[in-house]
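Asker: Before I ask anything, let me first share the structure, which is written out below as structure tokens.
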Amino acid sequence: MTLSSPDKSGAASLEAIARNGGTLRRIAARIPTYLSDLRENPAWLPMFMLARTMPARRLHWRGAKPVRPARNVGETMFAGVDRDAVVGALRTEGLYSGLMLPAAIHEEIARFAERTPCFGNFDRRLEFLPEKHADAEKHFGRPLLSGHYFERVLDCNAAVAVQRDPLLLDIAAHYLGSQAKLITTRVWWSFPTGGVSDADKNMASLGKYHFDLDDWRMLKFFFYLVPVDNDTGPHVYVRGSHNRRILKHQLTLLVGHSAEEVLGVYGEQSPVTLTGQAGLGFVEDPFGFHMGTVPTRTPRLMMEVGFGVSPPSRRRFHGEPVIR
Ligand SMILES: O=C(O)CCC(=O)C(=O)O
């Protein structure tokens, strides 16, 4: 029989308490948003409870309706993309990388973002110009990890052109079924900063593998609007994790799980870190585990166009949670 020393087991239980405290803070930060989702659409609750379980998901996927041929897909800004190859990669890997925005488009969105005030940490009270990030942190007396444009993004014609591009909807319809509809459009910065709380990181979906549960079936297109390397907070996706889920990750309220646990299931080789030049686009099934990382040197500017199969939430359409 082996006995652990009192010192070691004491340290282990302190660690467990700290870990649970962090988890509780992460959940607590999201509760006001969950309650608001429920009030806006009562069908959100069964989705939120059941869409994490594989049997319920499989049943829902059976409802995907066949797609009618899209007539305007030739008007896309993404030349030379093979839709069936994209959909095939999504089915097997959960991820396709290799879309490219025309330079005129990503440059126009980046110029828009540079001259337009954004909202720090999703909070409309923390408004600042991105170039004044350091001053804004001093002024508001707190780290500002993200800067969102919310509905202001619709003032940028290039961003609206990406949102409405017929190829994106065509890919979404071939993957999700003809019920596919636009449910999000957002543009935001992630800033290098220190001393960030767990709750702020959680709100910004940074630093912890998680899966999204905003709808039964979803697809997210992401576009980098600045060059992104390992110091710019690249997005990470765990290949194949959209198709397979251990029981523990189905029967928990938590959407976030430790890297150790996630990689233990899907393999050390499964994560892809997406780095690339300004304009790079990738599309993922966000039921697969993924995360953003906190930039260490340069801010990251990114756009998301998301599709689902249920009516979109008005508030969350531009990525806005409820902040207390
Ligand atoms: O900022 C990122 O790269 C992560 C975004 C994310 O996790 C999400 O939209 O669900």
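Asker: Could you list, in sequence order, the residues of region 176-223 that are in a helix (DSSP H, G or I) and more than 12 Å from the ligand (Cβ to nearest atom)?
Answerer: Within region 176-223, L176, D198, A199, D200 qualify.
Asker: All but one of (1) within 13 Å of the ligand (Cβ to nearest atom); (2) in contact (Cβ under 8 Å) with a residue 60 or more places away in the chain hold for T273; state the number of the condition that does not hold.
Answerer: (2)
Asker: Going by the structure shown, is F128 farther than 16 Å from P321 by Cα, in contact with a Gly (Cβ under 7 Å, 6 or more places away or on another chain) and of a type outside the set (S, T, Y)?
Answerer: So F128 passes the test.
Asker: Something else about it: The conditions are (1) under 30 Å from H60 (Cα atoms); (2) away from the ligand (no atom under 11 Å from the Cβ); (3) touching a residue at least 60 places away in the same chain (Cβ under 8 Å); (4) among the aliphatic types (A, V, I, L, M), and M291 fails exactly one of them. Which is it?
Answerer: Going through the list (1) under 30 Å from H60 (Cα atoms); (2) away from the ligand (no atom under 11 Å from the Cβ); (3) touching a residue at least 60 places away in the same chain (Cβ under 8 Å); (4) among the aliphatic types (A, V, I, L, M), M291 breaks only (2).
Asker: Sticking with this one: Suppose we keep only residues that are touching a residue at least 24 places away in the same chain (Cβ under 8 Å) and either crowded, with 21+ Cβ neighbours inside 10 Å or aliphatic (A, V, I, L, M) (or both) within region 235-251. Which one would you say is farthest from the ligand (Cβ to nearest atom)?
Answerer: L251
Asker: Sticking with this one: Can you pull out the residues in region 36-56 that are assigned to a helix (DSSP H, G or I) and either surrounded by 12 or more Cβ atoms within 10 Å (Cβ to Cβ) or at pLDDT below 90 (or both)?
Answerer: S36, D37, L38, E40, W44, L45, M47, F48, M49, L50, M54, A56 - these are the residues of region 36-56 that are assigned to a helix (DSSP H, G or I) and either surrounded by 12 or more Cβ atoms within 10 Å (Cβ to Cβ) or at pLDDT below 90 (or both).
Asker: Out of all the residues in region 281-293, is one or more of a type in the set (S, T, Y) and in contact with a Phe, Trp or Tyr (Cβ under 9 Å, 6 or more places away or on another chain)?
Answerer: Looking for residues that are of a type in the set (S, T, Y) and in contact with a Phe, Trp or Tyr (Cβ under 9 Å, 6 or more places away or on another chain), one finds none in region 281-293, hence no.
Asker: Kindly indicate which of Y175, Y149 is crowded, with 21+ Cβ neighbours inside 10 Å, closer than 30 Å to L59 by Cβ and either out of contact with any His (no Cβ under 6 Å at 6 or more places or on another chain) or polar (S, T, N, Q) (or both).
Answerer: Y175
Asker: How about region 295-320: which of its residues are farther than 21 Å from I109 by Cα, crowded, with 18+ Cβ neighbours inside 10 Å and modelled with pLDDT under 95?
Answerer: Scanning region 295-320 gives P312, S313.
Asker: Any residue in region 304-324 that is within 18 Å of R152 (Cα to Cα) and among the charged types (D, E, K, R) sitting within a Cβ distance under 9 Å of a residue that is assigned to a strand (DSSP E or B) and more than 13 Å from the ligand (Cβ to nearest atom)? List the pairs, counting only those 6 or more apart or interchain.
Answerer: Listed by first residue and then by second, the contacts come to E320/F119.
Asker: Restricting to region 57-77, and then to whatever is assigned to a helix (DSSP H, G or I) and charged (D, E, K, R), can you tell me which residue is surrounded by the most Cβ atoms within 10 Å (Cβ to Cβ)?
Answerer: Selected residue: R57.
Asker: Only residues that are over 26 Å from V262 (Cβ atoms) and either within 11 Å of the ligand (Cβ to nearest atom) or not aromatic (F, W, Y) (or both): list them for region 304-324, please.
Answerer: S310, P311, P312, S313, R314, R315, H318, E320, V322, I323, R324
Asker: Between G88, G80, G98, which is in a helix (DSSP H, G or I) and surrounded by fewer than 18 Cβ atoms within 10 Å (Cβ to Cβ)?
Answerer: Just a single option satisfies the conditions, and that option is G88.
Asker: Just to be sure, is R217 surrounded by fewer than 20 Cβ atoms within 10 Å (Cβ to Cβ), touching a strand residue (DSSP E or B) at 6+ places or on another chain (Cβ under 9 Å) and modelled with pLDDT of 95 or more?
Answerer: So R217 does not fit the description; no.
The values are calculated or read from the model by the stated rules, or taken from the named source; none is laboratory data. These figures come from a predicted structure and were not determined experimentally. As a convention, Cβ positions derive from the backbone with ideal geometry for all residues, glycine included, and neighbour counts pool all protein chains shown.
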